[in-house]
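To start, the structure itself, in structure tokens.
The values are calculated or read from the model by the stated rules, or taken from the named source; none is laboratory data. Computed from a prediction, not measured in an experiment: that's the story for all the values here. Virtual Cβ from ideal backbone geometry, glycine too; neighbours counted across all protein chains shown.
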RNA sequence: GGCGAUGUAGCUCAGCUGGCUAGAGCGAGGGAUUCAUAAACCCUAGGUCGGAGGUUCGAGUCCUCCCAUCGCCA
């Protein structure tokens, strides 16, 4: 099997002290849409997400509640899993850094890197914030006049024995790789950011923290191999998940990942440190690190102080009101995939829902199935081999859209690919208007034309639904059911499924309720559903 | 402070290496129509392309300065 027959996409593993919110859901949705599209394309796909659990604050949070760290992590990891299930995400695995399968691999990776000398013992000198028990960066220290940014207490220069990763050694190779692979870091603005920074020079990075081996909290994490006085820094521990999850006999062929979908805040780790570590381990580099931007809400940044976080109860409210697929559609097509942030505004949500889903996809399905019901007793008419009518070369139109969508999805241009799906729907609407089958149907002698037109419409909509399915699996599967063409995803590759003429004349076409009922633009925002804490 | 980016129609944005009368989607206004979810279809956008100067036969598209917003700084 060649590389292009497989597809491996990841999300970051999420900090287990967090409660799932729109940020986690958005990143994971992008990966889900990509994964679904690739699966439908016929590629053997692996979609990984999970939780990052080894932080001291996890131990502290658990202690506050009087439970063990793992019990706390279990509870929160489940909250992520439940949220992701609600949004219909199709991840193939959910990795947790506290699992042995991960910890054992990390231990092995670190040993190997120590062996080659790319991880070595050195001295770390930095500004220590005693009140927070953490180091602050040189820049932060200077900005706060060498006082704790949190408590204002003076910072002290402190030196610590640490293990380091020889990042500097790989700077040139990384730069060469980025230049040879223009899409390695996306979008372009992010790539430029990284390139600019690499050119100012890379320094070796600490990959461990000193711990007291007798401290119970020290056991929460991964200790440095053969040196229990140090613990693997959580960031490094976390990055390895992409590899550890598939570093098994049955999954090894998935590496390298095709895409690491991340938020822009963690770009440096994924676009620089991680690739260099992979080089040090003599592993292939991922195809793409895609760093999206953030959602803001009603024009304002989301923050704890404003209390305007778009949390699960809010998203759930939208799902209940408009359907899970409507939420997925809005996030996937209107989201911040570029270098600038995007606004989750209720008015905009309803506008796009009505324009794209109610008025376009849903309405086209309705009018076509209705005419089939009315003029052909609900049985799909026969085009009798006619594929071109009134200047519409249907196989050419649908093939072009499918090809375009495939090309765009390969670059993770999800909004673009979805527009290709919509473009077919819009052509169908234009076609109905241009050919007026509802007028022809009044003339018995023109029923052959009506049959051809409606077959064309139904078949084009079926092909459109294949593209749209990645973003809206639930509603598109319903459409497949109504058109009598259930699809077993992965069984037949997309290109074959999208071949013109697979719909069989005579098949009963079910009219059904509106796929996407029109929404009232004046209605207030949906009421949040559920406990904000969960 | 250092490095970088962005500022184009009401909104979200396309406009690559400078060159026909500056574009798309959504919204809004109008028209025509009825198969459909008062939907689809057609027409309409009077935008100083942030401001000022400059280079050029010719500049959203290059240069300088200014204003505004934003990102990154391990």
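Matching residues to (1) within 14 Å of RNA strand B (Cβ to nearest atom); (2) without any contact (Cβ under 8 Å) to a residue 40 or more places away in the chain:
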residue	(1), (2)
A:369	yes, no
A:395	no, no
A:398	no, no
A:401	no, no
A:408	yes, yes
A:420	yes, no
A:426	yes, no
A:436	yes, yes
A:455	no, no
- prompt: Where residues in region A:185-224 are more than 16 Å from RNA strand B (Cβ to nearest atom) and buried (at least 19 other Cβ atoms within 10 Å of the Cβ), which of them is farthest from residue A:100 (Cα to Cα)?
  reply: A:211
query: Given the conditions (1) in contact with a helix residue (DSSP H, G or I) (Cβ under 9 Å, 6 or more places away or on another chain); (2) at pLDDT 95 or above; (3) closer than 17 Å to residue A:458 by Cβ; (4) more than 7 Å from RNA strand B (Cβ to nearest atom), and given that residue A:357 satisfies all but one, which numbered condition is not satisfied?
result: (3)
message: Restricting to region A:88-100, and then to whatever is touching a residue at least 40 places away in the same chain (Cβ under 8 Å) and surrounded by fewer than 20 Cβ atoms within 10 Å (Cβ to Cβ), can you tell me which residue is farthest from residue A:237 (Cα to Cα)?
response: A:88
task: State which residue pairs qualify: first residue under 27 Å from residue A:109 (Cα atoms) and inside region A:189-215, second residue part of a loop (DSSP other than H, G, I, E, B) and more than 6 Å from RNA strand B (Cβ to nearest atom) in any location, beta carbons under 7 Å apart, and separation of 6 or more residues or different chains.
output: A:204/A:166; A:206/A:233; A:207/A:233; A:208/A:233; A:209/A:233
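The rows are residues; the columns are (1) in contact with a strand residue (DSSP E or B) (Cβ under 7 Å, 6 or more places away or on another chain); (2) modelled with pLDDT of 95 or more.
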{"position": "A:17", "(1), (2)": "no, no"}
{"position": "A:22", "(1), (2)": "yes, no"}
{"position": "A:29", "(1), (2)": "no, yes"}
{"position": "A:38", "(1), (2)": "yes, yes"}
{"position": "A:46", "(1), (2)": "yes, yes"}
{"position": "A:63", "(1), (2)": "no, no"}
{"position": "A:72", "(1), (2)": "no, yes"}
message: Exactly one condition in (1) part of a loop (DSSP other than H, G, I, E, B); (2) closer than 23 Å to residue A:360 by Cα; (3) in contact with a helix residue (DSSP H, G or I) (Cβ under 9 Å, 6 or more places away or on another chain) is false for residue A:484; which is it?
response: (3)
message: Among the residues that make up region A:277-285, is at least one of them surrounded by fewer than 18 Cβ atoms within 10 Å (Cβ to Cβ) and under 18 Å from residue A:198 (Cα atoms)?
response: yes
message: Scan region A:444-453 and tell me whether some residue there is part of a loop (DSSP other than H, G, I, E, B) and either away from RNA strand B (no atom under 14 Å from the Cβ) or within 17 Å of residue A:514 (Cα to Cα) (or both).
response: no
